[in-house]
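Presented below is the structure to which this report refers.
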Amino acid sequence: MNPLTILAREKLKTKKVTAVMSAKGGVGKSLISALFAVLHSKREKTVLIDLDIHGMSSAKLFGIENKLHNITRDGIAPFYIQGLGIITLNGIVKDRYVILPGSNRGDVMESLISYSDLRNAEHVVFDMPPGLSDEILILNRVTKYNPMIVTTPSKVSIKTVEQLLQFLNDIKVTPKYLVVNMAYINYENTIIRPFGDSTYAKKLSERYNVSLIEIPIDPNIEDFVGRIHEYNGEIIKKLSTLL
Amino acid sequence: MHEWSVAESVIRTLVQWSSKNRVIEIKKVVISVPSFSMLDVDVLREAFDMMKGEYSFSGTLLEINIKEPVFKCENCDSTFSVNDVGDQIEKIKLNFGEEYPLHLMPALVPAFLVCPYCGSHDIEVSSQSITIDKIEVEKS
(Lines give C-alpha, C1' and ligand atoms only; values in the text may rest on other atoms or scores of the structure.)
Protein backbone atom coordinates (compact mmCIF):
# COMPACT_ATOMS: atom_id res chain seq x y z
CA MET A 1 0.00 0.00 0.00
CA ASN A 2 1.85 3.03 -1.22
CA PRO A 3 -0.03 6.21 -0.21
CA LEU A 4 1.56 8.06 -3.15
CA THR A 5 0.19 5.56 -5.68
CA ILE A 6 -3.26 5.64 -4.12
CA LEU A 7 -3.38 9.45 -4.11
CA ALA A 8 -2.16 9.62 -7.72
CA ARG A 9 -4.90 7.19 -8.82
CA GLU A 10 -7.50 9.23 -6.96
CA LYS A 11 -6.37 12.49 -8.56
CA LEU A 12 -6.47 11.06 -12.09
CA LYS A 13 -9.48 8.79 -11.94
CA THR A 14 -11.97 11.23 -13.46
CA LYS A 15 -9.56 12.87 -15.92
CA LYS A 16 -8.89 12.39 -19.57
CA VAL A 17 -5.19 11.51 -19.76
CA THR A 18 -2.81 11.74 -22.72
CA ALA A 19 0.78 10.49 -22.46
CA VAL A 20 3.18 11.85 -25.04
CA MET A 21 5.82 9.16 -25.33
CA SER A 22 8.84 8.11 -27.32
CA ALA A 23 11.29 5.31 -26.82
CA LYS A 24 13.95 7.53 -28.41
CA GLY A 25 15.34 10.80 -27.06
CA GLY A 26 15.77 13.94 -29.12
CA VAL A 27 12.70 13.49 -31.32
CA GLY A 28 10.97 16.67 -30.15
CA LYS A 29 8.58 15.03 -27.70
CA SER A 30 8.56 17.94 -25.26
CA LEU A 31 7.79 20.43 -28.01
CA ILE A 32 4.94 18.26 -29.29
CA SER A 33 3.64 17.82 -25.70
CA ALA A 34 3.74 21.56 -25.09
CA LEU A 35 1.96 22.51 -28.31
CA PHE A 36 -0.58 19.68 -27.96
CA ALA A 37 -1.37 20.90 -24.42
CA VAL A 38 -1.63 24.53 -25.61
CA LEU A 39 -4.11 23.46 -28.32
CA HIS A 40 -6.24 21.47 -25.89
CA SER A 41 -6.25 24.24 -23.31
CA LYS A 42 -8.35 26.35 -25.73
CA ARG A 43 -11.12 23.74 -25.56
CA GLU A 44 -10.95 22.20 -22.09
CA LYS A 45 -9.22 22.76 -18.79
CA THR A 46 -5.81 21.23 -19.42
CA VAL A 47 -2.78 20.66 -17.22
CA LEU A 48 0.58 19.63 -18.66
CA ILE A 49 2.71 17.60 -16.22
CA ASP A 50 6.34 17.32 -17.26
CA LEU A 51 7.45 13.88 -16.11
CA ASP A 52 10.74 14.16 -17.95
CA ILE A 53 12.29 15.07 -14.61
CA HIS A 54 15.87 15.12 -15.87
CA GLY A 55 15.18 17.29 -18.92
CA MET A 56 12.41 19.55 -17.55
CA SER A 57 12.08 21.09 -21.02
CA SER A 58 8.56 22.45 -20.42
CA ALA A 59 9.93 25.10 -18.06
CA LYS A 60 12.38 26.21 -20.75
CA LEU A 61 9.75 26.18 -23.51
CA PHE A 62 7.25 28.25 -21.52
CA GLY A 63 9.84 30.56 -19.91
CA ILE A 64 9.11 29.61 -16.28
CA GLU A 65 12.57 28.36 -15.33
CA ASN A 66 13.05 30.63 -12.35
CA LYS A 67 9.63 30.29 -10.80
CA LEU A 68 8.73 28.10 -7.83
CA HIS A 69 5.34 26.43 -7.51
CA ASN A 70 3.09 27.58 -4.69
CA ILE A 71 2.28 24.73 -2.33
CA THR A 72 -1.21 24.97 -0.86
CA ARG A 73 -3.46 22.68 1.16
CA ASP A 74 -4.59 21.26 -2.19
CA GLY A 75 -1.07 20.47 -3.36
CA ILE A 76 1.29 21.88 -5.97
CA ALA A 77 -0.48 24.79 -7.66
CA PRO A 78 0.09 24.70 -11.45
CA PHE A 79 1.62 27.70 -13.22
CA TYR A 80 -1.09 29.09 -15.51
CA ILE A 81 -0.18 30.49 -18.93
CA GLN A 82 -3.10 31.56 -21.10
CA GLY A 83 -5.32 29.07 -19.29
CA LEU A 84 -2.94 26.11 -19.58
CA GLY A 85 -1.77 24.69 -16.24
CA ILE A 86 1.84 23.51 -16.09
CA ILE A 87 3.45 21.36 -13.40
CA THR A 88 7.19 20.82 -13.59
CA LEU A 89 9.88 19.58 -11.22
CA ASN A 90 11.75 22.70 -12.27
CA GLY A 91 9.24 24.61 -10.13
CA ILE A 92 10.33 22.55 -7.11
CA VAL A 93 14.12 22.48 -7.59
CA LYS A 94 14.60 25.98 -9.09
CA ASP A 95 16.32 25.05 -12.35
CA ARG A 96 18.84 22.80 -10.57
CA TYR A 97 20.11 19.70 -12.33
CA VAL A 98 18.46 16.49 -11.14
CA ILE A 99 20.34 13.19 -11.35
CA LEU A 100 18.70 10.33 -9.49
CA PRO A 101 18.95 6.56 -9.11
CA GLY A 102 16.05 4.61 -10.63
CA SER A 103 13.99 4.01 -7.50
CA ASN A 104 14.22 7.65 -6.48
CA ARG A 105 13.22 8.72 -9.99
CA GLY A 106 10.04 6.68 -9.71
CA ASP A 107 9.21 8.15 -6.30
CA VAL A 108 9.75 11.69 -7.56
CA MET A 109 7.55 11.09 -10.61
CA GLU A 110 4.82 9.60 -8.46
CA SER A 111 5.11 12.49 -5.98
CA LEU A 112 4.78 15.00 -8.80
CA ILE A 113 1.49 13.41 -9.89
CA SER A 114 0.14 12.72 -6.38
CA TYR A 115 0.81 16.14 -4.96
CA SER A 116 -0.35 18.18 -7.98
CA ASP A 117 -3.50 20.21 -7.55
CA LEU A 118 -5.59 18.83 -10.41
CA ARG A 119 -9.01 19.94 -9.14
CA ASN A 120 -9.48 22.25 -12.13
CA ALA A 121 -8.17 19.88 -14.78
CA GLU A 122 -10.36 17.98 -17.21
CA HIS A 123 -7.48 16.80 -19.36
CA VAL A 124 -3.99 15.92 -18.08
CA VAL A 125 -1.17 15.73 -20.63
CA PHE A 126 2.00 13.95 -19.52
CA ASP A 127 5.30 14.71 -21.19
CA MET A 128 6.96 11.33 -20.55
CA PRO A 129 10.72 10.80 -20.26
CA PRO A 130 12.39 9.23 -23.31
CA GLY A 131 13.30 5.57 -23.31
CA LEU A 132 11.77 2.35 -22.13
CA SER A 133 12.11 2.47 -18.40
CA ASP A 134 10.09 2.18 -15.21
CA GLU A 135 8.34 5.50 -15.91
CA ILE A 136 5.93 3.66 -18.19
CA LEU A 137 5.24 1.10 -15.45
CA ILE A 138 4.51 3.92 -13.01
CA LEU A 139 2.08 5.52 -15.44
CA ASN A 140 0.33 2.18 -15.95
CA ARG A 141 0.12 1.79 -12.19
CA VAL A 142 -1.72 5.05 -11.62
CA THR A 143 -4.00 5.65 -14.61
CA LYS A 144 -5.44 4.65 -17.95
CA TYR A 145 -4.17 6.88 -20.74
CA ASN A 146 -4.15 7.58 -24.45
CA PRO A 147 -0.60 7.31 -25.74
CA MET A 148 0.66 9.66 -28.44
CA ILE A 149 3.90 8.28 -29.85
CA VAL A 150 6.52 10.64 -31.24
CA THR A 151 9.31 9.66 -33.63
CA THR A 152 11.39 11.10 -36.45
CA PRO A 153 11.58 9.47 -39.92
CA SER A 154 14.98 7.98 -39.03
CA LYS A 155 15.22 4.19 -39.10
CA VAL A 156 16.92 4.10 -35.69
CA SER A 157 14.10 6.09 -34.16
CA ILE A 158 11.40 3.99 -35.84
CA LYS A 159 13.00 0.73 -34.72
CA THR A 160 13.23 1.96 -31.14
CA VAL A 161 9.67 3.25 -31.21
CA GLU A 162 8.51 -0.14 -32.50
CA GLN A 163 9.62 -1.66 -29.19
CA LEU A 164 7.39 0.82 -27.38
CA LEU A 165 4.49 -0.10 -29.67
CA GLN A 166 5.13 -3.79 -29.00
CA PHE A 167 5.04 -3.13 -25.26
CA LEU A 168 1.81 -1.13 -25.50
CA ASN A 169 0.31 -3.84 -27.70
CA ASP A 170 1.24 -6.47 -25.09
CA ILE A 171 -0.49 -4.56 -22.31
CA LYS A 172 -3.46 -3.90 -24.62
CA VAL A 173 -3.05 -0.13 -24.79
CA THR A 174 -3.72 1.27 -28.25
CA PRO A 175 -2.02 4.53 -29.23
CA LYS A 176 -4.16 6.95 -31.18
CA TYR A 177 -1.39 8.67 -33.12
CA LEU A 178 2.10 8.10 -34.38
CA VAL A 179 3.56 11.58 -34.78
CA VAL A 180 6.47 11.76 -37.23
CA ASN A 181 8.24 14.92 -36.16
CA MET A 182 10.73 16.74 -38.40
CA ALA A 183 9.24 14.86 -41.35
CA TYR A 184 9.80 17.62 -43.93
CA ILE A 185 10.53 21.28 -44.46
CA ASN A 186 8.45 23.47 -46.73
CA TYR A 187 10.97 25.70 -48.52
CA GLU A 188 9.32 28.12 -50.96
CA ASN A 189 6.54 25.61 -51.63
CA THR A 190 8.98 22.78 -52.22
CA ILE A 191 8.78 19.88 -49.78
CA ILE A 192 12.23 18.71 -48.70
CA ARG A 193 12.66 15.62 -46.52
CA PRO A 194 16.12 15.97 -44.93
CA PHE A 195 15.78 12.83 -42.81
CA GLY A 196 14.32 10.62 -45.53
CA ASP A 197 10.71 9.87 -46.30
CA SER A 198 8.27 8.35 -43.83
CA THR A 199 8.18 4.91 -45.47
CA TYR A 200 9.24 3.08 -42.31
CA ALA A 201 6.90 5.10 -40.14
CA LYS A 202 4.01 4.39 -42.52
CA LYS A 203 4.70 0.66 -42.42
CA LEU A 204 4.82 0.80 -38.64
CA SER A 205 1.55 2.72 -38.39
CA GLU A 206 -0.13 0.16 -40.66
CA ARG A 207 1.28 -2.77 -38.72
CA TYR A 208 0.01 -1.40 -35.41
CA ASN A 209 -3.11 0.26 -36.81
CA VAL A 210 -2.18 3.71 -35.55
CA SER A 211 -2.99 6.97 -37.38
CA LEU A 212 0.12 8.69 -38.71
CA ILE A 213 0.65 12.43 -38.81
CA GLU A 214 3.70 14.16 -40.25
CA ILE A 215 4.92 17.34 -38.55
CA PRO A 216 7.17 19.75 -40.46
CA ILE A 217 10.40 21.41 -39.38
CA ASP A 218 9.88 25.09 -38.69
CA PRO A 219 13.19 26.96 -38.23
CA ASN A 220 11.24 29.84 -36.65
CA ILE A 221 10.39 27.68 -33.65
CA GLU A 222 13.66 28.67 -31.93
CA ASP A 223 12.38 32.24 -31.65
CA PHE A 224 9.54 30.95 -29.48
CA VAL A 225 11.59 29.04 -26.91
CA GLY A 226 10.56 30.70 -23.65
CA ARG A 227 7.18 31.77 -25.07
CA ILE A 228 6.03 28.65 -26.86
CA HIS A 229 2.39 29.49 -26.05
CA GLU A 230 2.66 32.40 -28.54
CA TYR A 231 3.77 30.18 -31.42
CA ASN A 232 1.23 29.96 -34.23
CA GLY A 233 3.31 28.47 -37.04
CA GLU A 234 3.22 25.37 -39.19
CA ILE A 235 3.80 22.84 -36.41
CA ILE A 236 0.82 23.85 -34.32
CA LYS A 237 -1.35 24.22 -37.43
CA LYS A 238 -0.54 20.63 -38.36
CA LEU A 239 -1.11 19.41 -34.80
CA SER A 240 -4.48 21.14 -34.71
CA THR A 241 -5.73 18.67 -37.34
CA LEU A 242 -5.72 16.10 -34.51
CA LEU A 243 -8.45 17.97 -32.61
CA MET B 1 0.97 23.27 3.73
CA HIS B 2 2.34 20.09 2.15
CA GLU B 3 1.31 18.21 5.30
CA TRP B 4 -2.29 18.44 4.02
CA SER B 5 -1.43 16.43 0.92
CA VAL B 6 0.35 13.84 3.05
CA ALA B 7 -2.69 13.60 5.33
CA GLU B 8 -4.93 13.17 2.26
CA SER B 9 -2.72 10.36 0.94
CA VAL B 10 -3.02 8.56 4.29
CA ILE B 11 -6.80 8.98 4.39
CA ARG B 12 -7.24 7.85 0.76
CA THR B 13 -5.18 4.77 1.61
CA LEU B 14 -7.37 4.04 4.63
CA VAL B 15 -10.51 4.41 2.49
CA GLN B 16 -9.20 1.88 0.01
CA TRP B 17 -7.82 -0.49 2.64
CA SER B 18 -11.01 -0.51 4.74
CA SER B 19 -13.16 -1.11 1.67
CA LYS B 20 -10.95 -3.96 0.46
CA ASN B 21 -10.85 -5.59 3.90
CA ARG B 22 -14.48 -4.82 4.78
CA VAL B 23 -13.48 -2.96 7.91
CA ILE B 24 -15.97 -0.57 9.46
CA GLU B 25 -13.84 1.25 11.98
CA ILE B 26 -10.12 1.92 12.25
CA LYS B 27 -8.76 2.61 15.73
CA LYS B 28 -5.28 3.80 14.84
CA VAL B 29 -2.98 4.27 11.89
CA VAL B 30 0.79 4.42 12.34
CA ILE B 31 2.85 6.19 9.70
CA SER B 32 6.55 6.97 9.35
CA VAL B 33 8.14 9.99 7.75
CA PRO B 34 11.85 10.58 7.09
CA SER B 35 13.41 13.14 9.45
CA PHE B 36 15.06 15.18 6.68
CA SER B 37 11.67 15.90 5.08
CA MET B 38 11.03 18.26 8.04
CA LEU B 39 7.30 17.62 8.02
CA ASP B 40 5.54 19.46 10.81
CA VAL B 41 3.89 16.63 12.74
CA ASP B 42 1.49 19.00 14.51
CA VAL B 43 0.23 20.37 11.18
CA LEU B 44 0.07 16.84 9.76
CA ARG B 45 -1.99 15.65 12.72
CA GLU B 46 -4.25 18.73 12.51
CA ALA B 47 -4.81 18.14 8.78
CA PHE B 48 -5.58 14.48 9.39
CA ASP B 49 -8.02 15.33 12.21
CA MET B 50 -9.75 17.96 10.05
CA MET B 51 -10.18 15.59 7.11
CA LYS B 52 -10.92 12.29 8.82
CA GLY B 53 -14.55 13.12 9.65
CA GLU B 54 -15.41 13.51 5.96
CA TYR B 55 -14.34 9.92 5.37
CA SER B 56 -15.95 8.23 8.40
CA PHE B 57 -12.69 7.95 10.30
CA SER B 58 -13.69 10.30 13.13
CA GLY B 59 -12.45 7.88 15.77
CA THR B 60 -9.12 7.10 14.09
CA LEU B 61 -5.93 8.22 15.81
CA LEU B 62 -2.83 9.09 13.81
CA GLU B 63 0.56 8.07 15.21
CA ILE B 64 3.60 9.52 13.47
CA ASN B 65 7.08 8.05 13.72
CA ILE B 66 10.12 9.95 12.53
CA LYS B 67 12.53 7.70 10.64
CA GLU B 68 16.25 8.37 10.82
CA PRO B 69 17.49 7.11 7.47
CA VAL B 70 20.90 5.65 6.78
CA PHE B 71 22.68 7.01 3.70
CA LYS B 72 25.02 4.76 1.75
CA CYS B 73 27.46 6.08 -0.81
CA GLU B 74 27.66 3.74 -3.81
CA ASN B 75 30.89 5.39 -4.89
CA CYS B 76 33.08 5.01 -1.77
CA ASP B 77 30.93 2.57 0.19
CA SER B 78 30.66 4.85 3.25
CA THR B 79 27.52 5.04 5.35
CA PHE B 80 26.39 8.19 7.10
CA SER B 81 23.47 9.74 8.94
CA VAL B 82 21.37 12.91 8.67
CA ASN B 83 23.65 14.52 11.27
CA ASP B 84 26.65 14.00 8.98
CA VAL B 85 24.97 16.07 6.25
CA GLY B 86 23.27 18.57 8.59
CA ASP B 87 25.27 21.49 7.18
CA GLN B 88 24.20 20.58 3.63
CA ILE B 89 20.54 20.36 4.68
CA GLU B 90 20.79 23.78 6.37
CA LYS B 91 22.16 25.30 3.14
CA ILE B 92 19.25 23.88 1.12
CA LYS B 93 16.79 25.27 3.66
CA LEU B 94 18.46 28.67 3.49
CA ASN B 95 18.36 28.63 -0.31
CA PHE B 96 14.74 27.55 -0.64
CA GLY B 97 13.11 28.77 2.57
CA GLU B 98 9.55 27.49 2.94
CA GLU B 99 9.73 25.75 -0.43
CA TYR B 100 12.46 23.34 0.83
CA PRO B 101 12.28 20.63 -1.88
CA LEU B 102 13.08 17.65 0.37
CA HIS B 103 10.00 18.52 2.40
CA LEU B 104 7.82 17.93 -0.65
CA MET B 105 9.82 15.13 -2.26
CA PRO B 106 12.24 13.31 0.07
CA ALA B 107 13.26 11.10 -2.86
CA LEU B 108 15.12 14.10 -4.33
CA VAL B 109 17.78 13.67 -1.66
CA PRO B 110 20.57 12.26 -3.92
CA ALA B 111 20.13 15.26 -6.23
CA PHE B 112 20.87 17.70 -3.40
CA LEU B 113 23.21 15.95 -0.97
CA VAL B 114 26.72 14.67 -1.54
CA CYS B 115 28.61 12.02 0.37
CA PRO B 116 30.56 13.84 3.15
CA TYR B 117 33.53 11.53 2.52
CA CYS B 118 34.00 11.58 -1.27
CA GLY B 119 31.58 14.22 -2.61
CA SER B 120 29.57 11.84 -4.77
CA HIS B 121 25.84 12.22 -5.48
CA ASP B 122 25.60 8.45 -5.90
CA ILE B 123 23.74 7.97 -2.64
CA GLU B 124 21.22 5.35 -1.62
CA VAL B 125 18.83 6.17 1.18
CA SER B 126 16.98 3.78 3.42
CA SER B 127 13.51 4.95 4.49
CA GLN B 128 13.09 7.87 2.13
CA SER B 129 9.34 7.48 1.60
CA ILE B 130 6.34 8.14 3.77
CA THR B 131 4.99 4.75 4.79
CA ILE B 132 1.92 3.35 6.48
CA ASP B 133 3.35 0.87 8.98
CA LYS B 134 0.32 -0.35 10.89
CA ILE B 135 -3.46 -0.11 10.89
CA GLU B 136 -5.28 -1.08 14.09
CA VAL B 137 -8.88 -2.14 13.66
CA GLU B 138 -11.66 -1.56 16.18
CA LYS B 139 -14.17 -4.03 14.82
CA SER B 140 -15.05 -5.56 11.47
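At a glance:
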read-out: Exercise: per-residue mean of other protein chain Cβ atoms within 10 Å, B:12-21; value: 3
read-out: Accessible-area ranking of B:51, A:128, largest first, probe 1.4 Å; value: B:51, A:128
read-out: On Cα atoms only, tilt of A:155-170 relative to the major axis of chain A in degrees; value: 50 degrees
read-out: Average other protein chain Cβ within 10 Å of Cβ, residues B:127-133; value: 3
read-out: Extended-chain gain in nm, criterion 0.36 nm per residue less alpha-carbon gap, residue A:65 and residue A:144; value: 25.5 nm
read-out: Other-chain or far-sequence residues with amide H under 5 Å of residue A:148's (modelled H); value: A:19, A:20, A:21
read-out: Prolate/oblate/rounded label for region A:1-99 (Cα gyration tensor, a/c 1.5); value: rounded
read-out: Flagged links, alpha-carbon separation over 20 Å, of A:67/A:238; A:176/A:203; A:60/A:202; value: A:67/A:238; A:60/A:202
read-out: Helix A:102-114 vs. chain A, principal-axis angle (Cα, 0 to 90°, nearest 10); value: 80 degrees
read-out: Exposure rank, largest accessible area first [B:13, B:79; 1.4 Å]; value: B:79, B:13
read-out: Angle in degrees between helix B:2-20 and the longest Cα principal axis of chain B, rounded to the nearest 10; value: 50 degrees
read-out: For A:231-238, mean number of other protein chain Cβ atoms within 10 Å; value: 0
read-out: Net dipole in debye of chain B [+1 Lys, Arg Cβ; -1 Asp, Glu Cβ; about Cα centre; nearest 20]; value: 620 debye
read-out: Relative contact order %, region A:161-225, counting alpha carbon pairs below 8 Å whose residues are six or more apart; value: 39 percent
read-out: Most to least accessible of B:82, B:6 (protein chains only, probe 1.4 Å); value: B:82, B:6
read-out: Relative contact order (%) - criterion: Cα under 8 Å, at least six apart; region: chain A; value: 26 percent
read-out: Column: log10 I(q)/I(0), Debye, Cα scatterers of region B:59-106, q = 0.16, 0.21, 0.23, 0.30 Å⁻¹; value: -0.64, -0.90, -0.98, -1.12
read-out: Positive-end residue, the protein assembly as shown charge dipole about Cα centroid, Cβ charges, pick of B:104, B:127, A:180; value: A:180
read-out: Per-residue ³J(HN,Hα) for region A:140-147, Karplus 6.51 cos²θ - 1.76 cosθ + 1.60, θ = phi - 60°, Hz, x for Gly and Pro; value: 4, 5, 9, 6, 8, 8, 9, x
read-out: Region A:59-106 and region A:156-203: distance between their alpha carbon centers, rounded to Å; value: 29 Å
read-out: Compactness relative to 2.2 N^0.38 Å, alpha carbon Rg of the protein assembly as shown; value: 1.06
read-out: Fluctuation leader among A:130, A:153, A:194 - chain A, Gaussian network, Cα springs under 10 angstrom; value: A:194
read-out: Loop trypsin sites (Lys or Arg not before Pro), region A:142-211 (other Cβ atoms within 10 Å of the site Cβ: 15 or fewer; DSSP); value: A:144, A:172, A:176
read-out: Chain B: relative contact order as a whole-number percent, Cα under 8 Å and 6+ apart; value: 36 percent
read-out: Antiparallel DSSP beta bridges within the protein assembly as shown, as percent of all bridges there, nearest 5; value: 35 percent
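The values are calculated or read from the model by the stated rules, or taken from the named source; none is laboratory data. Because the structure is a prediction, the values reported are computed rather than measured. A quick note on method: Cβ atoms are made from the backbone with ideal geometry, for glycine too, and the neighbour counts reach across all protein chains shown. For accessibility, only protein heavy atoms count, side chains too; no ligands or nucleic acids. Shrake-Rupley method; radii C 1.70, N 1.55, O 1.52, S 1.80 Å.
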